[in-house]
Amino acid sequence: MQVKAERKMCKINVPRLKRMMVVGDCHRLQQVFVNLLDNAIKFADLDTAINIRVEEAGSHFKIHVEDTGEVVDKKYLPYLMDSFYQVHPSGKGSGLGLAIAKKLIELHGGRLTITSQDHKTVATIVLPKI
Ligand SMILES: Nc1ncnc2c1ncn2[C@@H]1O[C@H](COP(=O)(O)OP(=O)(O)OP(=O)(O)O)[C@@H](O)[C@H]1O
Ligand SMILES: [Mg+2]
């Protein structure tokens with residue numbers, strides 16, 4: 001991911017994390033982060049920051065992956081996590097990354113949401129704490 005980001009001169013900012021404990025399959029959760037970061041890098045403008053932010057919200061953690069760049073018109077937002085859906089089918093990628101991420105997060109008892117406005121797209125994962 002770091003190499004992909006550097007090709008676009010993007011910097012990935014990861015917060016200094018407190019210990020976060022969730023129940024789950026670390027490889028599948030890693031896959032979710034790879035899918036979200038891959039999108040953030042792909043749709044970010046050159047030379048921008050990609051920010052990962054973590055919040056504690058009661059019994060849940062919220063993890064946000066935020067990029068500055070291409071945004072999604074709100075009329076397309078409901079379809080982003082459908083399998084094979086791409087706003088601009090380009091022959092690159094298959095439109096499966098978010099569908100897989102959503103399924104994996106839901107299997108961990110969590111939720112994945114996307115907002116996109118004012119040049120920023122934010123993918124938010126909500127996962128239950130142990
Ligand atoms: N961070 C983002 N900024 C702008 N658009 C996004 C972002 N993430 C996803 N999208 C839109 O949602 C679509 C679906 O994303 P998804 O990750 O499922 O597929 P993909 O990235 O096109 O292909 P794949 O993940 O299979 O390589 C993308 O094609 C793009 O149109
Ligand atoms: Mg993707």
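Read-outs throughout are calculated quantities, based only on the coordinates presented, and are distinct from any laboratory measurement. Computed from a prediction, not measured in an experiment: that's the story for all the values here. Cβ atoms come from the backbone with ideal geometry, glycine included; neighbour counts cover every protein chain shown.
A few points about this structure:
- Positions within segment 31-53 being over 11 Å from the mean Cα position of the chain (by Cα) and in a helix (DSSP H, G or I), in sequence order: Lys42, Phe43
- The requirement of being without any contact (Cβ under 8 Å) to a residue 40 or more places away in the chain and away from ligand 2 (no atom under 14 Å from the Cβ) is not satisfied by Glu66.
- Criterion applied to Gly91, Gly58, Gly95 was being in contact with an Asp or Glu (Cβ under 9 Å, 6 or more places away or on another chain) and free of Cβ contacts under 8 Å to residues at least 40 places away in the same chain, and the one residue passing it is Gly95.
- Subset of segment 66-78 [more than 8 Å from ligand 1 (Cβ to nearest atom) and within 19 Å of Leu37 (Cα to Cα)]: Glu66, Thr68, Leu77
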